[in-house]
Each structure stands twice: as structure tokens, then as C-alpha cells.
Amino acid sequence: MTTVLCVFMLTLLVITAFGMIQARNLFSAVMLGGIYSFEMASIFFILDAADVALTEAAIGAGITTVFFLGALALTEHRERGRHGPQWLPIGVMTATGMMLIYASFDNPRIGDPNAPVHLHVAPWYLEQTPQLIDIQNIVSAILASFRGYDTLGELFVIFTAGIGVLFILSAPAPQDRKVSERLMNAEGLRHHLVPRVVGQLLVPFIVLFGLYVQFHGDYGPGGGFQAGALISAGLILYALLRGEIAALRAVPIWFLRMLIVSGALLYTTVGIAGMLLGGSFLDYSVLSNDPVAGQHLGILLVEVGVGLTVTGVLLSIFHAFAARGQ
Amino acid sequence: MEYIGLFNYWVFAVLLMIGMYAIIAKRNLIKKLLALAMFQSAVFLLYITMNKVDGGTAPIIRADVQEQVFSNPLPQVLILTAIVVGVATLALGLAIVVRIHETFGTIEEDQVYVRDRE
């Protein structure tokens with residue numbers, strides 16, 4: 001039954017992908033992109049990756065779509081110029097695709113417990129997590145503790161990308177060009193009754209759910225990345241409903257900049273605190289007398305750091321696009 | 001039915017190739033970025049396909065259940081962070097596209113070349 005569902009969703013995914021590439025109206029292409037992400041999230045969930053599904057639904061379908069719409073509002077809605085199918089790329093892609101499919105016959109079947117990927121490192125994580133870290137969600141344990149270096153690196157990539165966007169979009173815009181349609185004008189959707197009433201009801205619950213996902217990440221699917229995405233999604237919804245000015249009054253720009261920096265600082269500080277207390281960098285066991293309690297504390301702080309930076313970066317990027325349209 | 005276990009890999013290959021085709025063949029910069037996102041999520045699909053174990057559940061330990069079979073948590077961790085990094089870098093790309101549109105008044109690649117030479 002699961003297999004049938006999975007095959008069905010994957011077929012839908014391919015159809016949506018063709019639709020995205022075919023659509024000449026960029027707005028429809030972006031909307032199809034949102035649908036594509038939701039289908040992808042369902043497939044991730046069917047394949048037992050609850051944390052990834054949550055992230056994909058919040059980021060892929062929510063935040064990415066808003067960023068694309070923000071860029072569309074500042075550029076153009078239609079793909080110009082007619083180009084027929086280009087046979088050279090089609091030929092090359094078909095050949096490469098055929099080779100990939102041919103190679104797949106040597107792959108282990110999906111779900112095969114003896115596949116090489118399941119035999120090395122992963123069993124150790126599954127076995128040692130209850131003793132060494134003792135939190136229920138093994139994904140969080142690996143993310144924040146066993147592979148804390150990776151996550152720190154990823155966090156700094158996000159940090160750098162956020163700074164890059166702020167740099168690129170903070171240069172003064174040429175004055176002579178008028179932006180035709182503004183997605184995020186100062187009025188927001190205040191004059192549309194249904195989105196206003198329903199949306200305003202949803203905003204506090206989305207933010208609350210984000211906080212739940214943040215602090216419940218040790219026990220169920222969740223953690224800093226998902227929480228950051230959810231909280232920013234809630235606040236972006238607020239900005240769309242009430243307008244840019246009201247949103248900036250609620251969460252000012254300087255506060256967002258503080259969030260970006262403090263998250264990255266918090267993560268690094270936890271790592272250095274481990275060094276000062278006699279352990280190695282990002283070794284949480286020395287943070288408390290009891291190594292397991294130390295791990296709990298370390299993971300909690302690190303996840304908060306991730307959540308702060310992700311929220312700050314995503315919201316700053318949104319406001320950077322929105323400010324460009326004014 | 002023997003090959004149904006490989007269907008995910010085939011979809012991965014098809015999505016990867018659709019994305020790559022659009023990156024090469026489409027002239028519109030936003031379309032290129034959409035295709036880049038599609039290419040990226042095809043890779044995510046490959047990783048998450050590999051994490052599945054028959055009869056497994058999501059890797060969350062429940063104290064009251066014995067002898068649980070878990071799917072592999074490691075690919076999930078890698079992809080979880082990759083998704084968030086993906087959106088941050090995508091935003092960087094979109095910001096550059098916005099600046100290109102402000103400078104050249106178009107987001108079609110061939111017209112940008114023409115106007116750049118003027």
C-alpha cells in the first residue's frame with residue numbers, strides 16, 4: 001500500500017515538474033513549484049523522514065514561494081521570447097538520464113536493510129544515542145551533537161548567504177524605473193476581508209507552533225531549522241496581511257540583525273565553552289557534572305542558536321525584497 | 001514487480017534531467033533558478049530514498065516499544081540542513097536577478113548579453 005502511494009506521488013511529482021518547466025507565466029511556474037514541494041514533503045514523510053518532511057513543507061512550499069513571488073514583483077511575470085525545444089540539450093539529457101537509469105539497476109532495492117548505507121556509522125548512532133545522549137529524536141541527536149561541526153558550518157553558510165543578500169539589495173535602486181505591481185505594498189491585504197480575518201487568527205498559532213517545534217525537537221520531529229522556518233513564515237504572513245510598516249513595527253530590522261548574529265555567536269560560544277571546561281570544541285558532555293545532562297543542555301542551546309539565526313536570516317531577506325519594491 | 005523498488009531512482013534521474021535541461025535551455029533567469037531548485041530537490045529525493053528500511057519507522061525512540069526498526073537517520077540529517085542552506089543560497093540568486101533587472105531592464109539572458117555590449 002505504501003509502495004502504491006509512493007509511486008503515485010512520484011508520478012504526480014514528475015507531471016508537476018514538466019508543468020513547471022512548460023509554464024510561460026512565471027507566476028504559475030512558481031505556484032507549481034509550491035505544489036511540487038508539498039508533493040516532495042509527502043514523499044519524504046512516506047519514506048520515514050519526518051523531520052525532513054516538516055522542513056520541506058515549511059521552507060520549500062512556504063518560504064521559497066514567497067521569495068520567488070518577491071523577486072517576480074520586482075522583475076517580470078512572463079517569460080519573453082519564443083524558443084522551440086532545443087535538441088542538443090534534450091539529446092544530452094536523455095543520454096545522461098538513460099545512463100543514470102541503467103546504473104540504477106545495480107542499486108540496492110529501496111528498503112533493503114542490507115544496503116551498504118545502513119551498515120556503516122548509522123547503526124552506531126542508533127545504538128549509542130540512548131546511552132550517550134538519551135534523547136528520543138535520533139535525528140536531533142546527530143544533528144546537534146554527533147555532527148555538530150557540520151551543523152555549525154551550515155549555519156555559517158546561511159549566515160553568509162543572508163549577509164550577501166542584504167549587501168546586494170541594500171545598494172540604492174535606480175530611481176527612474178517604476179515597479180508596476182507590488183506584492184508587498186504598505187497597504188498589505190487589509191482590504192480583503194477573508195484573508196485578513198482568517199490569516200490574523202492563524203499568525204499567533206503558527207508562531208506558537210514554531211516555538212513548540214523548537215523546544216520539542218528533542219522528543220519529536222523538530223528543531224532549530226524547522227522552528228526558524230515556521231516562525232518566519234508566521235511573521236511573513238503578518239507582514240503580508242498588515243503591510244510592511246506594521247510588520248517592521250512589531251519586529252524591527254535591528255532586532256533581526258541581532259537575531260542573525262546572536263544565533264551564530266551562541267552556537268560558537270557553546271563550542272568554546274566546551275573547550276574552556278576541558279573538553280574539545282562542541283563537546284557538550286563537560287557542560288555539566290553529568291555527561292548526559294551536559295549533552296541535553298548543549299543540544300538545547302545549539303538548537304536555539306540555529307533557530308535564532310534561521311529566523312533572522314529568512315525575515316531579513318524577506319524585508320530586503322519588500323523594501324526594494326517601495 | 002521486481003523493479004518497483006527502483007522506481008524512486010528513476011524519478012530521481014528524470015527530475016535531475018528536467019532540471020538540468022531547463023538550466024541549460026531556458027533563457028529566463030527566474031526559470032533557471034526554479035530549475036536549479038528542482039535539480040537540488042532531486043538530489044534530496046535520492047538521499048531520502050536511501051534512508052528507508054523495510055518495516056522501519058521514523059528514527060524517534062519510544063520507551064514503551066521494544067525491538068523497533070528505524071530508518072537510517074544520517075541521510076535525513078544531511079538533507080535537513082541542505083534544504084535550509086538551499087533556500088538561503090536561492091535567495092542570494094534571486095537578489096542578483098533583481099539587481100540584473102534593475103540594471104538591464106530584462107531578465108532574459110540573451111537580451112542581457114545584447115544590452116551589456118551596447
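Data table
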{"read-out": "Electrostatic dipole magnitude of the range A:43-166 [Cβ: Lys, Arg +1; Asp, Glu -1; Cα centre; debye, to 20]", "value": "560 debye"}
{"read-out": "Potential lengthening between A:ASP150 and A:TYR102 on full extension [0.36 nm per residue; Cα-Cα distance subtracted]", "value": "14.0 nm"}
{"read-out": "Candidates A:GLY307, A:GLY223, A:GLY91: whichever shows maximal mean-square fluctuation once chain A is modelled as a Gaussian network with Cα springs under 10 Å", "value": "A:GLY91"}
{"read-out": "Peptide A:302-308, shielding by other chains (average Cβ, 10 Å cutoff)", "value": "0"}
{"read-out": "Rounded FRET efficiency, nearest 0.05, which uses the C-beta distance separating A:SER288 from B:ARG62 and R0 of 25 Å", "value": "0.45"}
{"read-out": "DSSP loop GluC sites (Glu not before Pro) with at most 13 other Cβ within 10 Å: longest gap in chain A", "value": "A:1-180"}
{"read-out": "Axial C-alpha extent at least 24 Å, average Kyte-Doolittle at least 0.5 - helices from chain A (DSSP)", "value": "A:2-22, A:26-46, A:87-104, A:148-170, A:193-215, A:224-242, A:253-276, A:291-324"}
{"read-out": "10 Å Cβ neighbours from other chains, averaged over peptide A:101-107", "value": "4"}
{"read-out": "Descending Cα extents along the principal axes, the protein assembly as shown, whole Å", "value": "65, 55, 44"}
{"read-out": "Gain upon complete extension [A:ARG80, A:MET258; 0.36 nm per residue less C-alpha separation]", "value": "60.0 nm"}
{"read-out": "Unit Cα scatterers, Debye sum, the range A:116-326: log10 I(q)/I(0) for q = 0.17 Å⁻¹", "value": "-1.12"}
{"read-out": "Cα-based Rg and Dmax for the range A:207-326, where Dmax is the largest Cα-Cα distance (Å)", "value": "16.5, 54"}
{"read-out": "Chain A: most fluctuating residue of A:ASP283, A:ASP218, A:ASP112 per GNM, C-alpha cutoff 10 Å", "value": "A:ASP112"}
{"read-out": "Leading residue at positive end of dipole, the range A:1-81 (Cβ point charges), from A:VAL7, A:PHE18, A:THR75", "value": "A:THR75"}
{"read-out": "Unit charges at the beta carbon, dipole of chain B: most positive-side option, B:VAL69, B:THR81, B:THR106", "value": "B:THR106"}
{"read-out": "The range A:1-38 residues near the modelled A:ARG109 label - backbone nitrogen below 19 Å, point 7 Å along Cα→Cβ", "value": "A:1-8"}
{"read-out": "Per-bin percent of Cα-Cα distances, the range A:1-81 [5 Å]", "value": "3, 16, 22, 21, 17, 11, 6, 3, 1, 0"}
{"read-out": "Inter-label distance for A:THR11 and A:LEU276, nm, one decimal - labels placed 7 Å from Cα along Cα-to-Cβ", "value": "6.1 nm"}
{"read-out": "Mean projected area (nm²) of the alpha-carbon convex hull when chain B is viewed from all directions", "value": "9.9 nm²"}
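Computed from the coordinates by the stated procedures, all read-outs in this text should not be read as laboratory data. Note that this is a predicted model, so its numbers are computed, not measured. So basically every Cβ, Gly included, is an ideal-geometry build from the backbone, and we count neighbours across all protein chains shown.
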